[in-house]
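Visitor: Dropping a structure here in structure tokens format, bear with me for questions.
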Amino acid sequence: MKKILFVASEGVPFIKTGGLADVVGSLPKCIDKEYYDIRVILPKYTCMKQEYKDMLEYQQHFYMDFHWRNVYVGILKAVYDGITFYFIDNEGYFGGNRPYCDDALYEIEKFAFFSKAALSALPLIDFRPDLIHCHDWQTGLIPVYLKERFAGNEFFRGIKSVMTIHNLKFQGKWSVKEVREITGLSDYYFAPDKLEAYKDANLLKGGLVFADAITTVSDTYAQEIKTPFYGEGLDGLMNARAHDLRGIVNGIDYDVFDPATDTYIFQNYNARDFRKEKIKNKLKLQEELGLEKDAGTMMIGIVSRLTDQKGFDLIAYVMDELCGDKIQLVVLGTGDERYENMFRHFDWKYGNKVSANIYYSEAMSHKIYAACDAFLMPSLFEPCGLSQLMSLRYGTVPIVRETGGLKDTVMPYNEYENTGTGFSFRNYNAHEMLQTIRYAEHIYYDKKREWNKIIDRGMAADFSWFASAAKYQEMYDWLIG
Ligand code: ADP
Ligand code: GLC
């Protein structure tokens, strides 16, 4: 039995701010249990919902040397859907009402603590992984520590590591002096061929240099991050490690995201009866959100973190033109204040056409995936994107920009060949996006049979973890030997 450990800063159902949590919560379930014992370590955040905190069982605790102090590390455990999750407890670091805060230096300290604590906890829980699979910058120190202070310890010798990039934009950067103090790493590690990048210390870079293999969450993003535009300053390193870098596209949890059984939505439906049943979700949502109740109006959805990454500048630019069309726009998201206010403004301006829901809600997100006719995701960059996969699964036609995982998962509609599962445009250009939305409107209003066939193809596509889990297993086998 090969032992694999996931370490990450979030994972469903315990804590989620974005797609990383979906991946960390759903991928382990799809790894073959006959050959792999796969477990997960997460922080125990005070802001986790009470029902999940109630599931955690105290295991033990110890004190760890960290940042000139001796710091409490509690270990808790929960088994959920057959997967064992461990939680690192320290209320100082993981308190507060959100998992992350805006103080970049504090975040570095918090996740340096988490990374060291996760490794230190392993001998105590008696789980010696053959491979540690690290996710995003928050765990970038793990491959470094494995080759540094833990290397001398028999227990850790030979443990392999994989670093998965879910988003290269976030790297965990701060001045070398302070990061050196926090991490306790010697000067040797703060050189441009190790943790240093552009004079700063960079935790993700450390992970990318020291991990045995690197993955990211789609093929196209794996190519893109080797270029300056998408490389976020690390394209040189991505090129240098190109042989150890592969793209494995994300899947989604087909049990959780299933319009036939989803308990959050008003009306269940499937690939056979969506023509008749799906629309009931739209009518109900229109009622709930105070939009004009009209089964015939094309409803476009957005469920997203409201950040630059997601292409909202394009939407802002053509919103007035778009709202001149016969459409409704339903937005669910939180994030940068300027985007929150922009959607609030358009909600006020176009009351019965635009609904801005500036909050986080699992239930509302499912209702939107089920109710809408189309889903808009014009991202500036998108490592994979899960929302478009959820839309496909719910028979909601994605309209996306051809970047990263959006390019790999949404096949553009071709009216001559009768192929495609959505609509896409290439350039980061507001009018190119608007034209594409209008083309989709045309098919929706004037060629409904064709529209429904696009849905047929989208719902038939398989974006469960099945194929991608096999690729991770192949990589684990190759690394572990
Ligand atoms: P990212 O990880 O960049 O945020 P993804 O498309 O990979 O983008 O994943 C986003 C995930 O977060 C999806 O599961 C989406 O439904 C969910 N999500 C984003 N914003 C909200 C929100 N306000 N309420 C509920 N779910 C949300
Ligand atoms: C990141 C990316 C998103 C991806 C998710 C899960 O948050 O922004 O594109 O789907 O991670 O890998």
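Visitor: Are there trypsin sites (Lys or Arg not before Pro) in region 100-192 that DSSP marks as loop and that have at most 11 other Cβ atoms within 10 Å, and which are they? Display every interim value, and only then the final one.
Guide: On the way: sites: K110, K116, K147, R149, R157, K160, K169, K173, K177, R180; in loops: R149, R157, K169.
Those that pass, being in a loop and sparsely packed, are R157.
Visitor: Express in nm, to one decimal, how much length is gained between E178 and K276 on full extension, taking 0.36 nm for each residue of separation and deducting their alpha carbon distance. Provide the component values of the computation, followed by the final result.
Guide: On the way: separation 98, 0.36 × 98 = 35.28 nm, distance 6.06 nm.
In short, 29.2 nm is gained.
Visitor: So what is the accessible area of the chain per residue, in Å², with the probe set to 1.4 Å? Mind dumping the intermediate values first?
Guide: On the way: 19180 Å² over 481 residues.
Dividing the accessible area of the chain by its residue count gives 40 Å².
Visitor: Over the Cα atoms, compute the radius of gyration (one decimal) and Dmax (the largest Cα-Cα distance, rounded to a whole number) for region 339-432, in Å.
Guide: Spelled out, the Cα radius of gyration and Dmax of region 339-432 are 14.3, 42 Å.
Visitor: If you don't mind, there's one more thing I want to ask. If I model a spin label at K326 and H243 as a point 7 Å from the Cα along the Cα→Cβ vector, what separation in nanometres do I get?
Guide: 6.0
Visitor: Kirkwood hydrodynamic radius for region 45-183: how many Å is it when counted over pairs of different Cα atoms?
Guide: On the way: mean 1/r = 0.0623 Å⁻¹.
Across region 45-183, the inverse of the average 1/r is 16.0 Å.
Visitor: I would also like to ask the following. Amide H of G422: which non-local residues (sequence gap of 5 or more, or other chain) have their own amide H closer than 5 Å, using H built in the peptide plane?
Guide: Counting only residues 5 or more places away or on other chains, the set is M411, Y413.
Visitor: Out of region 1-102, which GluC sites (Glu not before Pro) are coil in DSSP terms and have no more than 12 other C-beta atoms within 10 Å?
Guide: E34
Visitor: Moving to a separate point now. Of K160/K471; K77/K116; K29/K310; K173/K199; K16/K282; K53/K310, which ones are farther than 20 Å apart at the Cα?
Guide: Working: K160/K471 17 Å; K77/K116 18 Å; K29/K310 29 Å; K173/K199 10 Å; K16/K282 26 Å; K53/K310 32 Å.
As for pairs spanning more than 20 Å Cα to Cα, those are K29/K310; K16/K282; K53/K310.
Visitor: Once region 1-125 is represented by equal point scatterers at the alpha-carbon sites, with solvent omitted, what log10 I(q)/I(0) does the Debye formula produce at q = 0.22 Å⁻¹?
Guide: -1.42
Visitor: Going through region 432-478, which trypsin sites (Lys or Arg not before Pro) have at most 15 other Cβ atoms within 10 Å and a DSSP loop state?
Guide: On the way: sites: R438, K447, K448, R449, K453, R457, K471; in loops: K447.
Answer by residue number: K447.
Visitor: Within region 278-322, name every residue whose backbone N is under 17 Å away from a label modeled 7 Å from Cα of H431 along the Cβ vector.
Guide: 314-322
Visitor: Once you put a point 7 Å from the Cα of D81 and another 7 Å from the Cα of R157, both along the Cβ direction, what distance in nm separates them?
Guide: According to this spin-label approximation, the distance is 3.9 nm.
Visitor: 5 Å is the cut-off here: which amide hydrogens, built 1.01 Å from N in the peptide plane, fall below it relative to Q328, excluding neighbours closer than 5 in sequence?
Guide: Counting only residues 5 or more places away or on other chains, the set is M298, M299, I300.
Visitor: Here's another thing I want to ask about it. Using only the alpha-carbon atoms, what does region 167-323 span along each of its principal axes? Please give whole angstrom values in decreasing order.
Guide: 65, 36, 30
Visitor: Hey, another quick one. Relative to the longest principal axis of the C-alpha atoms of the chain, give the angle of the C-alpha long axis of helix 312-323, reported between 0 and 90° and rounded to the nearest 10°.
Guide: Here the helix axis deviates by roughly 10 degrees.
Visitor: When the chain is fully extended, how far beyond the present Cα-Cα distance does E417 get from R438, taking 0.36 nm per residue of separation? Before the final figure, lay out the partial values.
Guide: Details: separation 21, 0.36 × 21 = 7.56 nm, distance 2.01 nm.
Stretched fully, the E417-R438 segment lengthens by 5.6 nm.
Visitor: Let me ask something else about it. What residues qualify as long-range amide H neighbours of Y80, i.e. H under 5 Å apart, gap of 5 or more or another chain, H built at 1.01 Å from N?
Guide: For Y80, the qualifying residues are F85.
Visitor: If you take the beta carbon distance between Y63 and M1 as r and set R0 to 35 Å, what does 1/(1 + (r/R0)^6) give as a FRET efficiency, to the nearest 0.05?
Guide: Working: r = 32 Å, r/R0 = 0.91.
After rounding to 0.05, the efficiency reads 0.65.
Visitor: Right, another one. Which part of region 324-355 falls in the paramagnetic zone of D294, meaning amide N under 12 Å from the point 7 Å along Cα-to-beta-carbon?
Guide: Only 324-329, 352-354 pass the distance filter.
Visitor: Please determine, in degrees from 0 to 90 and to the nearest 10, the orientation of helix 337-349 with respect to the longest principal axis defined by the Cα atoms of the chain, where the helix direction is its Cα long axis.
Guide: Tilt relative to the chain: about 20 degrees.
Visitor: For the chain, divide the Cα radius of gyration by the Kirkwood radius and give the resulting Rg/Rh value with two decimals.
Guide: On the way: Rg = 22.8 Å, Rh = 23.3 Å.
My calculation puts Rg/Rh at 0.98.
Visitor: Figure the gain on full extension for K169 and L283 (residue separation times 0.36 nm, minus the Cα-Cα span) and round it to one decimal in nm. It would help to have the intermediate numbers written out before the result.
Guide: Details: separation 114, 0.36 × 114 = 41.04 nm, distance 3.88 nm.
Between K169 and L283, full extension yields an extra 37.2 nm.
Visitor: I'd like the Karplus ³J(HN,Hα) series for region 110-116: coefficients 6.51, -1.76, 1.60, θ = phi - 60°, whole numbers in Hz, and an x wherever there's a Gly or Pro.
Guide: Whole-Hz 3J(HN,Hα) from phi for region 110-116: 4, 7, 5, 4, 4, 5, 5.
Visitor: Follow-up question, since we're still on this one. Report the local net charge at W478: Lys and Arg +1, Asp and Glu -1, summed over other residues whose C-beta lies under 15 Å from its C-beta. Write out the running numbers ahead of the final one.
Guide: Details: positive: K2, K160, R246, K471; negative: D130, D212, D244, E474, D477.
Within the 15 Å Cβ shell, the charges total -1.
Visitor: Related question: Explain nothing, just compute: Karplus ³J(HN,Hα) = 6.51 cos²θ - 1.76 cosθ + 1.60, θ = phi - 60°, for every residue of region 408-414 in order, whole Hz, x for Gly and Pro.
Guide: 3J(HN,Hα) across region 408-414, in whole Hz: 7, 10, 10, 8, x, 4, 10.
Visitor: Separate question: Roughly how large, in nm² to one decimal, is the mean projection of the convex hull of the alpha-carbon atoms in region 329-386? Display every interim value, and only then the final one.
Guide: Working: hull surface 18.3 nm².
Here the figure is 4.6 nm², rounded to one decimal.
The values are calculated or read from the model by the stated rules, or taken from the named source; none is laboratory data. Remember, predicted model here, so these are calculated numbers, not experimental data. Cβ: placed from backbone, ideal geometry, glycine included. Neighbour counts: every protein chain shown. These area figures cover heavy atoms from the full protein model, side chains too; ligands, DNA and RNA do not enter into them. Shrake-Rupley method; radii C 1.70, N 1.55, O 1.52, S 1.80 Å.
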